[in-house]
Amino acid sequence: MSAAPDVVRSAYVQLAVTDLAASRWFWVDMLGMHVQHEDEDALYLRGSDELTHHSVVLRAAPVAALDHLAYRVRAPEDVDRAERFFAERGCPVRRVPAGTGTRGVGDAVRVVDPLGVPVEFFHDIARGERLIQRYDLHRGAQIARLDHYNICTPDIPAAYEYYRSLGFGCSETIEGEHELYAAWMFRKPTVHDVALTHGPGPYLHHIGMATHESHQVLHTADIFGALGKEHHIERGPGRHGVSNAFYVYLRDPDGHRVEVYTSDYFTGDPDYETHRWNVHDDRRRDFWGNAVIESWYKEASPVHDLDGRLQPIAEGNLDESSIKVGADGLGIVKPS
Ligand code: DHY
């Protein structure tokens, strides 16, 4: 088998959205992302810390879905490595020469990965102006950068092995006695570039967008409340057990889930050891023991194949949402 491409980080996501004006309100006015380019078909957005052309592309389409998520690779040759790596695994693979794919992105390869998720690998990308100290332009959630993706997939051990074969480390897991429910996988030295959540899939569960500080997470929720737009807040604010991050989950006008996320930790030491949570530990998902709302477990964005058709869904066989914190917050209630 050929060597895996050297993945640097989760780099951008391209979402199909049904109303660009509504999306612009949510992502630009409320989340505070900067518009790098816009035309009648798409919006190209980035956070204040990002020096590459975009981390979120919103493409106008009749049906909301994930077009693809993208990893940046270390060198141009890693794009060729990605092509070989996925072709050898029998995955659909398509070369996307510079100028023919997503605006600003150079030579790339798109694949449907073994999880059924459309993924792009690229090295070259246009630059954007440095905005980190343009405080006059920071507003809303003050998003700094894209942090991670979260994917729903029915076979977590297989997904874990696949991402290990791509060179990802594992920062944390949620496990039962014999089951692996979820895994947080990284290339950049943070908790994750991608999290694997058990369930029917392939679905995009959410994308995580980083802010610098927890007060920005609280402020985000306050602004949605102040405008009477609180229905966009799905879960939180709170502190995760896994990752220790401070978070709030929002739903965009198409239902795409966005986590505003901050204050996880460094995982770059070579002897970093995976931290394992028991599925019965009430603090695993919310460190303060708050129950996770049902929609968070049950709803997610469908994903496209390389031709823009919706991928079929396979069912999962574990159901973490049936393991609940009791109404009194003290016990674990497992409905029969
Ligand atoms: C968890 C979910 C995330 C994340 C880190 C940790 C666990 C949870 O609270 O559900 O999306 O980024």
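The values are calculated or read from the model by the stated rules, or taken from the named source; none is laboratory data. Owing to the predicted nature of the structure, the values given are computational and were not obtained by experimental measurement. Don't worry about glycine lacking a Cβ; one is built from the backbone with ideal geometry, like all the others, and counts go over all protein chains shown. These accessible areas exclude ligands, DNA and RNA; they are computed on the full protein's heavy atoms, side chains included. Shrake-Rupley method; radii C 1.70, N 1.55, O 1.52, S 1.80 Å.
What number comes out for accessible area per residue over the chain if the probe is 1.4 Å? Units Å², please.
Roughly 42 Å² per residue, with all protein chains present.
Would you calculate the separation in nanometres between label points at Ala226 and Asp6, each defined as 7 Å from the Cα along the Cα-to-beta-carbon direction?
Placing both labels 7 Å along Cα→Cβ, they lie 4.6 nm apart.
Lys/Arg Cβ at +1, Asp/Glu Cβ at -1, dipole of the chain taken about the Cα centre: which of Ala4, Gly90, Trp277 is farthest positive-ward?
Towards the positive end, the residue furthest out is Ala4.
What 222 nm value per residue comes from the helices of the chain, counting each DSSP H run with n ≥ 4 as -39,500 (n - 2.57) and dividing by all residues, nearest 500 deg cm²/dmol?
Here the helix-only value at 222 nm equals -4000 deg cm²/dmol.
Once Lys and Arg get +1 and Asp and Glu get -1 on their Cβ, which of Val292, Thr153, Ser214 lies farthest toward the positive end of the dipole of the stretch 140-322?
Selected residue: Ser214.
Nearest 5 percent is fine: what portion of the DSSP beta bridges confined to the stretch 7-122 is antiparallel?
Looking only at bridges with both residues in the stretch 7-122, the antiparallel portion is about 75 percent.
Run the simple label-point estimate for Ala126 and Leu310 please: 7 Å along Cα→C-beta, distance reported in nm.
Taking the two extended label points, one gets 3.3 nm.
With +1 on the Cβ of every Lys and Arg and -1 on the Cβ of every Asp and Glu, and nothing else charged, how large is the dipole of the chain about its Cα centre, in debye rounded to the nearest 20?
Roughly 360 debye for the chain.
Take the Cβ-Cβ distance between Asp41 and Tyr272 as r, set R0 to 30 Å, and report the resulting FRET efficiency rounded to the nearest 0.05.
E(calc), rounded to 0.05, equals 0.10.
Sorted by accessible area (1.4 Å probe), largest first, how do Trp296, Trp25, Trp277 line up?
The most accessible residue leads, giving Trp25, Trp277, Trp296.
Over the stretch 140-322, what percent of the accessible surface lies on carbon and sulfur atoms, probe 1.4 Å?
Roughly 49 percent of what the probe reaches on the stretch 140-322 is carbon or sulfur.
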